[in-house]
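J.: Let me give you the structure first, and then I'll get to my questions.
The values are calculated or read from the model by the stated rules, or taken from the named source; none is laboratory data. Bear in mind that the values here come from a model prediction, so they are computed numbers and not experimental data. Cβ sites come from the backbone with ideal geometry, for glycine too, and all protein chains shown count toward neighbours.
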Amino acid sequence: MAERTVDLRSDTVTRPTAAMREAMARAEVGDDVYGEDPEINALEAEVAALFGHEAALFAPSGSMANQIALQLLVPPAHELLCDADAHVVTYEIGAAAAYGGISSRTWPAVGGDLDPDVVAAMIRPDGYWAVPTRAIAVEQTHNRGGGGVIPLATLRQLRDIADVAQVALHCDGARIWHAHVADGVPLAEYGALFDTLSVCLSKGLGAPVGSVVVGSADKIKRARFIRKRMGGGMRQAGILAAAGRYALRTNIDRLAEDHARAARLAEALEPFGVLAAPARTNIVPLDFTKATIDAPAFAAAARAEGVLVSVLGPRTGRLVTHLDVDDAGIDRAVAVLTRILRD
Ligand SMILES: Cc1ncc(COP(=O)(O)O)c(C=O)c1O
């Protein structure tokens, strides 16, 4: 029998399990644009409570959840600060400018971490001569930063800076669950530091679709309006919310297994000098600068043997562990990837 493909490109590739599909099939649904979908209402209340906020809003994707939050925090012709590798400026196709009239300015990315003093020095006050800063966005964990986790102390410093400057803080928490599991920081403690968070159910948690914007009751009321304007008002989407609720119940604590598997991959590849940074969570960042093979050739050789790897640039790539890769898959990936690097 042919061996199954080991897909390490992203944690977005997971497929709903039989138990998740059962939860979806049992979902009671209604029209969510009327606010009448019980599963969605329950999901929103549960996620708001997890982060210690008043309210939350289900959104079709992490990108839309981020963009709703940015439009809440930054009026047109005002500015967002984030790092140069942030998802909001790398992969969201200019949405902040296109939909929100938001100007974005970036600080140099330093893996998954940040220096609060660098950010503080960039904040511009109100005035007619320069674009005023209204919000700062951080990513926890950081996707292009190799799954790095910003330490709680750094985030607290950033909150103090934002308070003094009277600017808002947004967290792109697509993988905040991984930070919570890796550093043991309660989700509510992260929640208390941010004006808005967007959190994904469809990455490490394994739901097929869905993200949630978290914030104050007043903000989420406005968020509902912005979501509708962006075409994100869904109808009987409780089927999707049921998958998200199932994922929250069953798939947070098990992320520790994905982190351990990423650490195993990293340990096996470390002798070949291709690790860009240690694997802190479920992402193994790869750097082929010193290798004899480049990232596309490495990925092509791996694919030929049934192991899928992400190429981020000519010399950079990554491996991501998730729900659909077990220990046997990691064994196979280690055997294939180390053989390619040895040859
Ligand atoms: C950090 C981060 N934020 C936001 C998103 C966007 O999520 P979606 O693909 O659901 O739009 C992703 C997707 O991978 C991500 O990694």
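J.: For region 316-343, give me the residue count where each residue is farther than 15 Å from Leu269 by Cβ and touching a helix residue (DSSP H, G or I) at 6+ places or on another chain (Cβ under 9 Å).
T.: The number of residues fulfilling the criteria is 7.
J.: Further question on the same structure: List pairs: first in region 320-343 and farther than 16 Å from Ser310 by Cβ, second at pLDDT below 95, Cβ under 6 Å, 6+ apart or cross-chain?
T.: none
J.: Step by step: first the residues of region 47-63, then only those that are under 11 Å from Val212 (Cβ atoms) and of a type in the set (A, V, I, L, M), then the one that is nearest to the ligand (Cβ to nearest atom). Which residue is that?
T.: Restricting to residues being under 11 Å from Val212 (Cβ atoms) and of a type in the set (A, V, I, L, M), the top hit is Ala59.
J.: Going residue by residue through region 92-110, is there one that turns out to be β-branched (Val, Ile, Thr) and modelled with pLDDT under 95?
T.: yes
J.: Then there is this: Tell me which residues, restricted to region 5-20, are surrounded by fewer than 12 Cβ atoms within 10 Å (Cβ to Cβ), in contact (Cβ under 8 Å) with a residue 24 or more places away in the chain and either more than 20 Å from Ser211 (Cβ to Cβ) or within 15 Å of the ligand (Cβ to nearest atom) (or both).
T.: Matches in region 5-20: Ala19 only.
J.: Follow-up question, since we're still on this one. For Ala179, are the conditions met, namely being within 15 Å of the ligand (Cβ to nearest atom) and assigned to a helix (DSSP H, G or I)?
T.: Taking the combined requirement at face value, the residue satisfies it.
J.: So if I check each of Gly231, Gly238, Gly215, which one is within 16 Å of the ligand (Cβ to nearest atom) and of a type outside the set (A, V, I, L, M)?
T.: When all the criteria are applied, what remains is Gly231.
J.: Also: Filter region 226-244 down to the residues that are of a type outside the set (Gly, Ala, Ser) and either closer than 16 Å to Thr14 by Cα or crowded, with 24+ Cβ neighbours inside 10 Å (or both) and list them by number.
T.: Within region 226-244, Arg227, Leu240 meet the criteria.
J.: Oh, and also: Just the residues that are in a loop (DSSP other than H, G, I, E, B) and buried (at least 18 other Cβ atoms within 10 Å of the Cβ), please, taken from region 257-276. Even if it seems obvious, please write down each step before you answer.
T.: Here is the first cut: in region 257-276, the residues in a loop (DSSP other than H, G, I, E, B) are 273-274, 276.
The answer is Val274, Ala276.
Here's the yes/no breakdown for (1) part of a strand (DSSP E or B); (2) within 13 Å of the ligand (Cβ to nearest atom):
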position: Ala65; (1), (2): no, yes
position: Ala69; (1), (2): no, yes
position: Pro75; (1), (2): no, no
position: Leu80; (1), (2): yes, no
position: Val88; (1), (2): no, yes
position: Glu92; (1), (2): no, yes
position: Ala98; (1), (2): no, no
position: Arg105; (1), (2): yes, no
position: Asp117; (1), (2): no, no
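J.: Being within 22 Å of Ala137 (Cα to Cα) and either among the small types (Gly, Ala, Ser) or more than 18 Å from the chain's Cα centre (by Cα) (or both) narrows it down to one of Ala55, Ala45, so name that one.
T.: Within the list Ala55, Ala45, the selection yields Ala55.
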